[in-house]
1. Can you give the three extents of the C-alpha atoms in the stretch 45-100 along their principal axes, from longest to shortest, in whole Å?
2. Sort 49-59, 146-156 by packing, meaning the average of other beta carbons within 10 Å per residue, with the highest value first.
3. Could you sort 95-102, 9-16 so that the peptide with the highest average Cβ count within 10 Å comes first and the rest follow in order?
4. With a 10 Å radius around each residue's Cβ, average the other Cβ atoms per peptide and rank 157-164, 174-181, 37-44, highest first.
5. May I ask you to compute the full-extension gain from residue 169 to residue 84, defined as 0.36 nm times their residue separation minus their alpha-carbon distance, rounded to one decimal in nm?
6. First check a/c for the stretch 1-76, with a ≥ b ≥ c the square roots of the eigenvalues of its C-alpha gyration tensor; if it is under 1.5, answer rounded, and if not, answer prolate when a/b is larger than b/c or oblate otherwise.
7. So what does log10 I(q)/I(0) come out to for the chain at q = 0.10, 0.15 Å⁻¹, using the Debye formula with one equal point on every Cα and no solvent?
8. Would you mind working out the accessible area per residue for the chain, using a 1.4 Å probe, and quoting it in Å²?
Amino acid sequence: MARILLLEDDPVLGESLQDLLQRHGHETVWVTDGEAAADTAFDTPFDLYLFDINVPLLNGFDLLGALRDAEDRTPAIFISALRDIDSMTKGFAAGAEDYLKKPFDIDELLLRIKARTHQLERQLRYGEITFNPADGRVSKNNRSVDLGEIRTAIFRLLITNVGQTIDKTELLELLEQPTDQALRFHISRLKQQLGIDITNVRGVGYRLESL
């Protein structure tokens, strides 16, 4: 199930949605203004944003725009009483994947959440790091991390075999210039970029340590 950040300033609707989502297995953090949502989003990784638009301090459009500017690619759904095409267009332009008009059917909301989070089952998690095997995308705290083609290939091997030592020859096959020095360089850069613990098993290979 998903970790959801809910931004809704209506106390009755907000509490109802939080209870509903948690009953369906979604860990849900509910905030009532845009600045609180921004602080929470920057501090904690989520799988989905569920944002109202007309909220205090920072509206949903500007909030999501700021998150996207910070390279936060967490899927987002706007829930809003704004029903006009201009508002919907503005919502998608801000970076939302979906837009649901109030009042909405609860079952429809749950279906849309499922549609936006179905890929989570195929993603691999390692602490604050998420790896999508389908496209090789890596993120940390919901921020995209560009590892480059070679280090992404190395990380794929490591994260799909956490706690197991990958033979050095298998890793060397991923390099354009397969030398021990080049491999050590890429391993070192991976550790720096992601803040992960990779052990050099001398004479054998490398291992991504279990958390």
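The values are calculated or read from the model by the stated rules, or taken from the named source; none is laboratory data. A quick note: this is a predicted structure, and the numbers were derived from the prediction, not measured. We place every Cβ from the backbone using ideal geometry, glycine too, and count neighbours over all the protein chains shown. Note: areas computed on protein heavy atoms with side chains; ligands, DNA, RNA excluded. Shrake-Rupley method; radii C 1.70, N 1.55, O 1.52, S 1.80 Å.
1. 30, 23, 16
2. 49-59, 146-156
3. Working: 95-102: 17.5, 9-16: 13.0.
Result, highest mean Cβ count within 10 Å first: 95-102, 9-16.
4. Output ranking for 157-164, 174-181, 37-44: 37-44, 157-164, 174-181.
5. Going from the current span to full extension adds 24.7 nm.
6. Cα axes put the stretch 1-76 in the oblate bin.
7. -0.52, -0.91
8. Numbers: 11080 Å² over 211 residues.
That works out to 53 Å² per residue.
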